[in-house]
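Peer 1: Input: one structure, supplied below.
Every read-out reported here was derived from the displayed coordinates using simple, explicitly stated rules and does not represent laboratory data. What you see is a predicted model, and the numbers here were worked out from it, not measured in a lab. Glycine gets a Cβ as well: all are built from the backbone with ideal geometry, and neighbour counts include every protein chain shown.
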Amino acid sequence: MASAETDQTEALFSLKSYHVSEELGFILPDPLVQLPPYYQPWMDIALRIPELAQSHELRSRINKMPLLSSNFLQKHKELRLAHLALSMMTMGYVWEEGEKDTVEILPRSLAVPYWEVSQRLGLPPIITHADAVLANWKRKDPDGPFNMENLELLVSLPGGESARGFFLVTLLVELAGVPAVKNIPTVINGVRCGDTEAVARGLEIISRSIEDMTDALKLMQVHVDPSVFYGIMRIYLSGWKDNPCMPKGLVYEGVQTAPMRYSGGSAAQSSLLHCFDELLGVKHEPKSASFLIYMRDYMPPLHKKLINDISLQPSLRSFVQQQDRKDLNNVFDLCVKKLLALRSYHINVVSRFITVPAARARQLRDQNHNSDGEMISRAPTALEERGTGGSSIMSFLKTVRDQTKDTLLPEAMGSL
């Protein structure tokens with residue numbers, strides 16, 4: 001009898017094997033702030049990216065950088081900090097002169113260790129959400145709270161306080177999602193065991209957590225200036241796949257002679273929403289689905305595996321429908337509605353930070369405006385209709401939102 005119970009315990013769905021922290025979810029707990037002394041040439045440049053880019057010295061500094069072996073990076077957190085530093089340097093190197101003067105080759109001293117570190121982590125050699133957000137923070141006061149006042153970036157891109165605000169607000173959105181992630185196993189195991197009370201309890205916590213994510217996202221309008229985001233920061237998050245500025249891609253010197261193409265940083269690389277979609281059974285239309293699945297290649301491998309493993313579990317939505325209990329139906333629909341509200345608010349944010357500034361930039365160009373003082377007019381024209389990840393951003397986000405709405409149970413659809 002004991003062995004049967006042990007087998008059942010082992011079969012329970014758990015987050016333990018997916019690099020998910022009990023306190024911080026997908027966020028890397030206590031990232032290192034410094035690499036071993038051998039790698040000081042990297043950190044000396046990485047910590048000065050904004051000022052070196054502004055003075056147009058970043059490329060020349062990186063061109064003079066020594067080729068260092070990545071073999072002395074042993075621990076996971078060392079690799080994550082190295083990937084963050086090399087990612088930020090790469091984005092700065094490629095985009096220092098804007099869309100008009102991009103490079104075709106990433107120099108060997110940056111490209112080779114970057115490729116090696118990327119291979120060891122299972123991440124692509126370009127900036128990702130896992131770098132810029134999940135592994136890019138420290139507390140000013142180690143014993144203080146996890147909030148905007150007590151958080152600082154480890155490595156930044158040009159954009160000053162708006163760059164700090166953009167990455168740290170995104171981090172707080174991730175933090176707000178932790179209770180939801182922690183309760184995914186509760187819901188899955190409840191479905192498996194037929195425990196409707198556990199399912200309802202888990203879904204209630206998940207719905208509150210998603211609402212808290214939306215509230216955290218609202219801090220963007222407090223901490224990020226749309227003209228700075230659009231005119232300065234956004235290009236540094238752009239990739240070299242589906243980007244007219246770099247149609248061939250980028251050659252990683254010393255890695256391979258043919259150019260490689262990678263998408264830039266994107267909110268679609270956050271594992272949170274992918275987990276919710278798989279749990280709730282959100283079915284995306286083929287084009288959106290293929291982009292979202294492709295974005296999973298930009299996540300830490302164990303986070304990607306978690307999403308896939310959630311997708312293999314028994315259908316929560318079918319379970320709820322089979323139970324035919326009003327309270328269970330209501331809490332399932334509440335979760336979907338909170339996810340819908342989060343996606344609707346995200347569209348609002350994208351409109352404020354991309355669509356409106358893009359229209360202003362087009363207007364200035366059409367008027368041949370002397371726009372030296374207009375920051376947004378210096379933004380890349382190639383990104384006006386696209387996300388940094390390469391998607392046609394507004395149509396993509398609206399389609400994803402509409403597919404989320406279709407996940408509501410039939411009786412709830414009529415009330416929207």
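Peer 1: So how much slack lies between Gln363 and Ile293, counting 0.36 nm per residue of separation and subtracting their Cα-Cα distance, in nm?
Peer 2: Working: separation 70, 0.36 × 70 = 25.20 nm, distance 3.58 nm.
Contour length minus Cα-Cα distance gives 21.6 nm.
Peer 1: Another one. So if I take the alpha carbon set of the chain, get Rg, then get Rh from the Kirkwood formula, what is the Rg over Rh ratio?
Peer 2: Working: Rg = 22.2 Å, Rh = 22.5 Å.
Rg/Rh for the chain comes to 0.99.
Peer 1: With a length cut of 27 Å (Cα positions projected on each helix's long axis) and a Kyte-Doolittle mean of at least 1.0, go through the chain and give me the DSSP H helices that pass.
Peer 2: On the way: long enough: 76-95 (28 Å, 0.31); 196-217 (31 Å, 0.12); 326-350 (36 Å, 0.34).
Membrane-span-like by this criterion, though nothing is claimed about a membrane: none.
Peer 1: Let me ask you something else. Using per-residue counts of other Cβ atoms within 10 Å, averaged over each peptide, order 306-315, 162-171 from highest down. Intermediate values should be presented prior to the final figure.
Peer 2: Values: 306-315: 15.3, 162-171: 22.5.
So the order, starting with the most tightly packed, is 162-171, 306-315.
Peer 1: If packing is taken as the mean number of other Cβ atoms within 10 Å per residue, what is the order of 197-204, 403-410, highest first? Could the numbers behind the result be given before it?
Peer 2: On the way: 197-204: 19.8, 403-410: 16.9.
Put in order of decreasing packing, that is 197-204, 403-410.
Peer 1: Turning to a different aspect of this structure: Distance cut-off 19 Å, Cα to Cα: go down the list Lys182/Lys338; Lys16/Lys283; Lys218/Lys283 and report the pairs above it. Write down the numbers at each step before the final one.
Peer 2: Values: Lys182/Lys338 17 Å; Lys16/Lys283 27 Å; Lys218/Lys283 27 Å.
Beyond 19 Å: Lys16/Lys283; Lys218/Lys283.
Peer 1: Of the peptides 80-88, 68-76, 48-56, how do they stack up when ordered by the mean number of other Cβ atoms within 10 Å, highest first? Display every interim value, and only then the final one.
Peer 2: Details: 80-88: 25.9, 68-76: 14.1, 48-56: 16.4.
Taking the mean over residues of other Cβ atoms within 10 Å, the ranking is 80-88, 48-56, 68-76.
Peer 1: When the helices in the chain are scored as -39500 (n - 2.57) per DSSP H run of 4 or longer and the sum is shared across all residues, what 222 nm value do you end up with, to the nearest 500 deg cm²/dmol? Display every interim value, and only then the final one.
Peer 2: Details: 18 runs with 214 residues, N = 416.
Per the formula, -16000 deg cm²/dmol.
Peer 1: Shifting gears a bit: Can you check what the net charge comes to around Pro226, using other residues whose Cβ is under 12 Å from the Cβ of Pro226 (Lys, Arg +1; Asp, Glu -1)?
Peer 2: +2
Peer 1: Follow-up question, since we're still on this one. Can you list the residues, at least 5 places off or on another chain, whose amide H is less than 5 Å from the amide H of Ile105, using H built in the peptide plane?
Peer 2: Amide H neighbours of Ile105: Val251.
Peer 1: Something else now. Cα centroid distance between segment 38-72 and segment 268-343, in Å?
Peer 2: When both Cα centres are located, 40 Å separates them.
Peer 1: Just check segment 167-275 against the gyration tensor rule for me: Cα atoms, a ≥ b ≥ c as the square roots of the eigenvalues, rounded for a/c under 1.5, and otherwise prolate or oblate depending on whether a/b exceeds b/c. Mind dumping the intermediate values first?
Peer 2: Numbers: a/c = 4.31, a/b = 1.76, b/c = 2.44.
Since a/c reaches 1.5 but b/c is at least a/b, the shape of segment 167-275 is classed as oblate.
Peer 1: Given charges of +1 on the Cβ of Lys and Arg and -1 on the Cβ of Asp and Glu, with all other atoms neutral, how large is the dipole of segment 21-413 about its Cα centre, in debye to the nearest 20?
Peer 2: Working: 43 positive and 45 negative charges, 116 e Å.
The calculation lands at about 560 debye.
Peer 1: When Lys and Arg each count +1 and Asp and Glu each count -1, what net charge do the other residues less than 12 Å away from Gly281, Cβ to Cβ, add up to? Don't jump to the answer; show the numbers that get you there.
Peer 2: Working: positive: Lys283, Arg317; negative: Asp277, Glu278, Asp406.
Cβ neighbours under 12 Å give a net charge of -1.
Peer 1: Skipping prolines and chain starts, which residues have an amide H placed within reach, meaning under 5 Å, of the one on Leu24, given they are 5 or more residues away or on another chain?
Peer 2: Here nothing satisfies the definition.
Peer 1: List the chymotrypsin sites (Phe, Trp or Tyr not before Pro) within segment 262-338 that fall in a DSSP loop (any state other than H, G, I, E or B) and whose Cβ has at most 12 other Cβ atoms within 10 Å. Working shown, then result.
Peer 2: On the way: sites: Tyr262, Phe276, Phe291, Tyr294, Tyr298, Phe319, Phe332; in loops: Tyr262.
Listed in order of number, the matching sites amount to none.
Peer 1: Excluding Gly122 itself, calculate the net charge of residues whose Cβ lies under 15 Å from the Cβ of Gly122, where each Lys or Arg counts +1 and each Asp or Glu counts -1.
Peer 2: Values: positive: Arg80, Arg120, Arg296, Lys304, Lys305; negative: Glu116, Asp131, Asp297.
Result for the neighbourhood of Gly122: +2.
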